[in-house]
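Remarks on the structure that follows.
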Amino acid sequence: MKRIYCLFSAILLAHGAHAAVPAGEAAKLQDSLTPMGAERAASADGKVPAWQGGLSGDGLKIQRNGTPADPYAGDQPLFTIDSGNYQQYQANLTAGQIALLKRYPGQYRLPVYPSHRSVGVSEQVKGWVAQNATGAKLVNEGNGIEGFHGAVAFPIPQNGLEAIWNHITRYRGGSLLSVNDSAAPQAGGDYVITTTEQRFTMADQVSNYEPGKVDNMLFYYSHRITAPSRQVGEVVLVHETLDQVKQPRLSWVYSSGQRRVRRAPDNAYDAAGPTTAGLRTADSRDMYNGAPDRYDWKLIGKKELYIPYNSYRLASPSLKYADFLKPGVIDAAPTRYELHRVWEVEATLKPGARHIYSKRRFYLDEDSWTVVENDQYDSRGELWRIGENHTFYRPDAQVLLSAAQVFYDLQAGRYIASNMSNEQPRGYDFGFRATTSDYSPGALRGLGIR
């Protein structure tokens with residue numbers, strides 16, 4: 001029966017569409033599944049608790065950099081996984097985590113804490129997801145979506161493409177201005193902080209939104225570099241489309257040195273951006289983004305993993321970058337890992353397609369659809385780069401944020417850490433509002449003024 005079902009799914013995708021789940025299946029979002037499609041129940045051994053609506057924001061203090069004070073500060077580690085004991089836990093570890101434990105014994109460790117299912121869901125997002133469950137479908141061989149509303153296109157995924165689309169379409173806040181830092185320490189530990197001011201607005205959240213005019217637009221995004229001084233004034237603008245095979249993402253760059261705006265069509269797939277130190281591809285930003293057309297996607301299924309979660313301590317303004325940006329790997333002391341259920345998705349490069357990664361494995365948190373771990377393999381099939389997304393939930397905005405996204409390069413012996421805001425006086429502004437003209441190529445020059 002399983003083989004027949006998989007064949008049926010393949011036939012549907014080959015004809016350019018995949019049906020939504022029937023109403024009876026979607027009804028599970030009201031009882032056995034959460035509104036996002038996760039299992040409501042606890043795991044059999046109780047280590048993964050039941051979902052009870054997520055963390056409440058009542059009385060939670062927002063610190064000066066825009067991150068909440070740690071609501072679980074009283075928790076103590078249950079145990080620590082290190083290079084000496086990982087074998088007894090390896091069923092709940094990724095291949096990348098095991099490789100890091102072996103490569104950096106004594107440095108890379110996983111302090112494991114009690115699990116908390118902190119991610120909540122707003123009424124608006126619940127409504128969108130419920131509509132998508134019975135109305136959204138893959139089109140154009142899985143490269144686009146029809147019938148999509150707001151967030152999380154496929155809460156009950158039938159294949160790997162639908163699962164990775166859930167990460168791409170997950171809720172990230174309707175409109176947001178953030179100031180983040182990144183660094184790529186050298187082998188000796190020296191690093192330079194790159195600061196970017198980022199603006200993000202979902203297509204249907206721009207103040208002059210008109211239904212029907214941006215049917216294939218997912219979101220608008222721009223960032224400008226404000227440090228170091230040699231890069232100040234460089235601006236990137238992206239119009240992110242849903243179907244990037246039908247209509248590739250539109251991207252522009254403004255250089256303050258040249259004082260001109262130019263198209264940047266290569267800002268996709270395995271291109272390396274100027275702020276990545278060559279350690280991360282364009283489609284690895286946000287753990288994964290962009291068109292999925294160069295890979296075959298397989299839904300492996302659910303598993304329980306120790307993943308970075310509720311990383312409030314790592315995001316704290318009392319923690320300086322020098323405290324955790326160390327040679328080889330970030331310092332383990334302020335990190336936090338918890339046992340959670342994740343979806344495992346494997347992407348294999350299609351015959352004739354080009355990308356520096358021949359295979360990729362993604363692990364998606366069931367409560368948010370955020371990629372929290374990924375393993376990326378080179379053309380020889382050797383594990384090359386490992387991504388870890390240290391997330392925390394901000395309940396007043398009902399959105400999951402990153403304390404740090406870290407990509408480790410096993411071959412170079414280095415890493416890049418991004419999305420940090422510890423030392424920023426204003427990390428997040430969810431009151432930010434924008435029009436489509438704010439995301440026009442003409443607006444880049446004004447943003448790029450030094």
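Structure above, values below:
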quantity	calculated
Cα-only radius of gyration and Dmax that characterise the range 127-217, units Å	17.6, 53
Relative contact order [Cα under 8 Å, 6+ residues apart], the chain, whole percent	20 percent
Cα-derived Rg to Rh of the range 246-312, Kirkwood definition	1.09
Estimated vicinal HN-Hα couplings, Hz - the range 108-120 in sequence order (Karplus 6.51, -1.76, 1.60; Gly, Pro = x)	7, 9, 10, x, 9, 10, x, 7, 10, 8, 7, 6, x
FRET E, pair Leu78, Glu210, Förster distance 45 Å, beta-carbon r, rounded to 0.05	0.30
Viscosity 0.692 mPa s, 37 °C: Kirkwood-radius Stokes-Einstein D of the range 283-361 over Cα pairs, µm²/s	212 µm²/s
Hydrodynamic radius (Kirkwood) for the chain, which is based on Cα pairs only, to one decimal in Å	22.4 Å
Percent accessible area from carbon and sulfur atoms, the chain, protein chains only, probe 1.4 Å	50 percent
18 Å tail of the calculated P(r), the range 246-390, as % of Cα pairs	65 percent
Cα-based equivalent ellipsoid, the range 374-426: semi-axes from gyration tensor eigenvalues, Å	29, 13, 5
Range of Cα positions in the range 72-223 per principal axis (Å), largest first	57, 38, 37
Ordering of 43-52, 434-443, 359-368 by packing [mean C-beta count within 10 Å, highest first]	359-368, 434-443, 43-52
Rg and Dmax [Cα atoms of the range 407-450; Å; Rg one decimal, Dmax integer]	16.7, 44
Between the range 391-424 and the range 110-155, the Cα center-to-center distance that results, in Å	22 Å
Volume in Å³ per residue [convex hull over Cα atoms, computed for the range 61-117]	133 Å³
Ala187 versus Leu60: modelled label distance in nm, points set 7 Å from Cα along the beta carbon direction	4.3 nm
Difference of contour (0.36 nm per residue) and Cα-Cα distance, Gln88 to Lys302	75.0 nm
Estimated FRET transfer efficiency when R0 is 41 angstrom, pair Gln30-Lys246 (beta carbons, to 0.05)	0.75
Over the range 319-450, volume per residue of the alpha carbon convex hull, in Å³	201 Å³
Average Cα contact separation per residue, the range 301-450, under 8 Å, 6 or more apart, as relative contact order %	20 percent
Gain on full stretching of the segment that runs from Ala271 to Arg433 - 0.36 nm per residue minus C-alpha separation	55.3 nm
Efficiency of FRET from Cβ geometry, Ala333 and Gln258, R₀ 56 Å, rounded to 0.05	0.80
Within the range 89-189, chymotrypsin sites (Phe, Trp or Tyr not before Pro) in DSSP loop having at most 15 other beta-carbon neighbours inside 10 Å	none
Lysine pairs with alpha-carbon atoms under 20 Å apart, the range 227-374, spacing 8 or more or separate chains	6
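The values are calculated or read from the model by the stated rules, or taken from the named source; none is laboratory data. Not measured: the values here are computed from a predicted model. Quick reminder, even Gly has a Cβ in these numbers, built from the backbone with ideal geometry, and neighbours come from all protein chains shown. When the accessible area is computed, the model is the full protein with side chains, heavy atoms only, and any ligands, DNA or RNA have been set aside. Shrake-Rupley method; radii C 1.70, N 1.55, O 1.52, S 1.80 Å.
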